[in-house]
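The values are calculated or read from the model by the stated rules, or taken from the named source; none is laboratory data. Because the structure is a prediction, the values reported are computed rather than measured. Note: ideal-geometry Cβ built from the backbone for every residue, glycine included; neighbour counts use all protein chains shown.
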Amino acid sequence: MTWHCLPYFPQPDACGGVRHFGYRFGSRKLRVFSQAVLLMFFSAHMAHAEAGLAPHRAYYSAKIAQVKQTSQIVNAQGKMVIELAESCEGWETVQGTELLFTNNRGEDFVMDIRFTSWESRDGRQFHFNYVHKKNDIVQMELLGRAEFPEKGMAGTAFFSKPAHGEVSLPKGAVFPTEHLSMLIAHADAGKMLFSKAVFDGTTDGGPYEISAVLSQPDRFPEGKKDGLERLSGEYVWPIRLAFFSHGAVDAMPEMELGVWLLRSGVAERIVSDHDTFVIASELERVEWLPSPKC
């Protein structure tokens with residue numbers, strides 16, 4: 001297995017020295033753990049949430065966890081890196097994901113996902129760039145920005161790739177970091193259900209309606225290394241997320257994710273259900289990044 005060099009992958013394993021992303025498996029699209037799942041706890045009006053967010057670079061290993069008899073995919077393995085950097089104006093996320101799939105004919109192919117985004121602290125501005133490759137061939141590229149003129153108002157997403165265009169964002173929709181801050185507020189309050197329209201920049205359509213089911217938190221284990229010791233004793237919330245096209249009448253979600261989420265903004269575990277197969281990603285190590293002096 002040969003890895004293409006991705007930014008921030010640990011050496012030497014990756015380079016010699018891991019949202020609906022456009023590729024369908026059965027009835028659901030491959031959605032690789034986007035920022036809508038992995039960003040965390042920030043909103044200008046939620047100081048307690050922002051205080052918990054820690055800039056970091058997290059490394060994950062990914063592999064197939066379950067395969068159904070009807071699946072065309074019989075195996076998968078790969079790696080993912082998520083970087084969350086803080087500035088005085090907002091948060092920037094860089095994600096690199098690479099997965100090697102094997103189908104039921106014994107053929108291998110590599111899915112390579114790159115995603116970068118920036119969200120302003122007031123939750124009104126969002127910039128995004130997403131590139132999805134299969135065997136080094138670009139399958140889709142999205143580049144654009146989105147904005148709300150005022151909090152709570154309807155907004156617009158503007159695309160410059162693959163073509164110039166606009167998509168309306170409904171009143172009350174939010175961007176990913178604000179959505180997750182709301183989600184954590186619900187978790188802190190002991191509420192088990194939450195639903196919100198979210199635009200995350202990984203589709204050229206409108207936002208997703210994300211329905212969440214939250215479970216009681218556990219504690220991150222003691223005695224870990226590789227930067228994980230800083231997480232010892234933190235609460236970990238198991239959260240089940242279902243992604244629906246906004247306004248769709250179909251009761252079936254396009255994608256479901258299980259996320260074990262920590263208050264610091266790190267996901268301990270991510271399980272993505274693609275209907276006929278399931279992929280699990282496990283946290284291996286964390287590098288902690290500095291916070292700006294504003």
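One table, with the values for the structure above:
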item	result
Candidates Ser232, Ser211, filtered to the one that is within 23 Å of Leu169 (Cβ to Cβ), hydroxyl-bearing (Ser, Thr, Tyr) and surrounded by fewer than 18 Cβ atoms within 10 Å (Cβ to Cβ)	Ser211
Test set (1) at pLDDT 90 or above; (2) surrounded by fewer than 19 Cβ atoms within 10 Å (Cβ to Cβ); (3) more than 21 Å from Leu241 (Cα to Cα) - Pro170 fails condition number	(3)
Odd one out for Ser34, checked against (1) at pLDDT 90 or above; (2) surrounded by 15 or more Cβ atoms within 10 Å (Cβ to Cβ)	(1)
Test set (1) farther than 30 Å from Arg263 by Cβ; (2) out of contact with any strand residue (DSSP E or B) (no Cβ under 7 Å at 6 or more places or on another chain); (3) not aromatic (Phe, Trp, Tyr) - Gln139 fails condition number	(2)
Complete set of residues in the range 263-294 that are among the aliphatic types (A, V, I, L, M), buried (at least 20 other Cβ atoms within 10 Å of the Cβ) and part of a strand (DSSP E or B)	Ala267, Ile270, Ile279, Leu283, Val286
Check on Phe148, at negative phi, hydrophobic (A, V, I, L, M, F, W, C) and more than 16 Å from the chain's Cα centre (by Cα)	yes
Filter pass, Ser245 being among the hydroxyl-bearing types (Ser, Thr, Tyr), over 24 Å from Gly90 (Cα atoms) and touching a Lys or Arg at 6+ places or on another chain (Cβ under 9 Å)	no
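To keep it simple, each residue is scored yes or no on (1) of a type in the set (A, V, I, L, M, F, W, C); (2) surrounded by fewer than 17 Cβ atoms within 10 Å (Cβ to Cβ); (3) at pLDDT 95 or above.
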residue	(1), (2), (3)
Ser87	no, yes, no
Arg105	no, yes, no
Asp108	no, yes, yes
Ala163	yes, yes, no
